[in-house]
Amino acid sequence: MKQQGAILWLTGLSGAGKTTIAVAVAEELQKRNYPTELLDGDIVRTHLSQGLGFSKQDRDINVRRIGFVANLLSRNGIIAIASAISPYRQVREELKQTTHNFIEIYIDAPLAVCEARDVKGLYAKAKAGEIKNFTGISDPYEAPINPDIICQTDKFTVEECVNQVLQYLERQGLIFNC
Ligand SMILES: Nc1ncnc2c1ncn2[C@@H]1O[C@H](COP(=O)(O)OP(=O)(O)OP(=O)(O)O)[C@@H](O)[C@H]1O
Ligand SMILES: [Mg+2]
């Protein structure tokens, strides 16, 4: 039987834990010999989306590009894991309708928790006005209304969140327990 691809679309605030969970899920899938590819927002912005900014229009273009590549991978049997803030609901919905096996995963942590983590020091800069259009501070984040999975990263460990994702994939018959 041919391996089914999928798109694991991780959306959430900066510092919510998208990259952390994406990398950990990818490692687990690769251990189980599932072909997997990561499309992380930060990396995509240095290649595929170099030159794009953070206006709504540019953010939507970035998300559509990631979705386009993820779809090519998914329909060829690869599990594509996309981790980008992707703050706008409408373009995520568009991808859900137009791509192969799109699974929306809300990486959910309260803004206060993300600010306290401030992994990249960007919240401090945004609050000091040094960065404009920063999601959660000076730009909107539209949380998913009906995501397939919600990972609450302020309440559960990375390992628990990863297991939540893997168990969902098992229930959907996209991967098998071994
Ligand atoms: N359950 C959890 N899941 C994921 N990350 C967690 C969890 N608990 C704590 N963390 C911590 O939260 C931080 C999340 O940072 P990460 O870079 O993954 O965020 P991000 O959503 O990718 O942000 P950005 O949009 O800026 O790239 C890390 O320091 C990680 O160790
Ligand atoms: Mg990240």
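Data table
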| quantity | calculated |
| --- | --- |
| Among (1) within 16 Å of ligand 1 (Cβ to nearest atom); (2) under 25 Å from Q164 (Cβ atoms); (3) part of a helix (DSSP H, G or I); (4) touching a Ser or Thr at 6+ places or on another chain (Cβ under 7 Å) - the single one L29 does not satisfy | (1) |
| Residue satisfying condition, being touching a residue at least 24 places away in the same chain (Cβ under 8 Å) and either in a helix (DSSP H, G or I) or over 24 Å from R171 (Cα atoms) (or both), within set T19, T46 | T19 |
| Every residue from segment 140-164 that is within 16 Å of ligand 2 (Cβ to nearest atom) and open to solvent by less than 40 Å² (accessible area, probe 1.4 Å) | C151, T153, C161, V162 |
| Selected residue (only one of L95, L169 is more than 12 Å from ligand 1 (Cβ to nearest atom), over 22 Å from I43 (Cβ atoms), in contact (Cβ under 8 Å) with a residue 40 or more places away in the chain and crowded, with 20+ Cβ neighbours inside 10 Å) | L169 |
| Subset of segment 101-139 (residues that are in a helix (DSSP H, G or I) and open to solvent by 40 Å² or more (accessible area, probe 1.4 Å)) | L111, A112, V113, E115, A116, R117, L122, A124, K125, K127 |
| Search result, residues across segment 60-92 that are in a loop (DSSP other than H, G, I, E, B) and either open to solvent by less than 60 Å² (accessible area, probe 1.4 Å) or hydrophobic (A, V, I, L, M, F, W, C) (or both) | G77, I78, A84, I85, S86, P87, Y88 |
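The values are calculated or read from the model by the stated rules, or taken from the named source; none is laboratory data. Since the model is a prediction, treat every value here as computed from it, not as a measurement. Cβ: placed from backbone, ideal geometry, glycine included. Neighbour counts: every protein chain shown. Quick note on the areas: whole protein, heavy atoms, side chains included, nothing else; ligands and nucleic acids left out. Shrake-Rupley method; radii C 1.70, N 1.55, O 1.52, S 1.80 Å.
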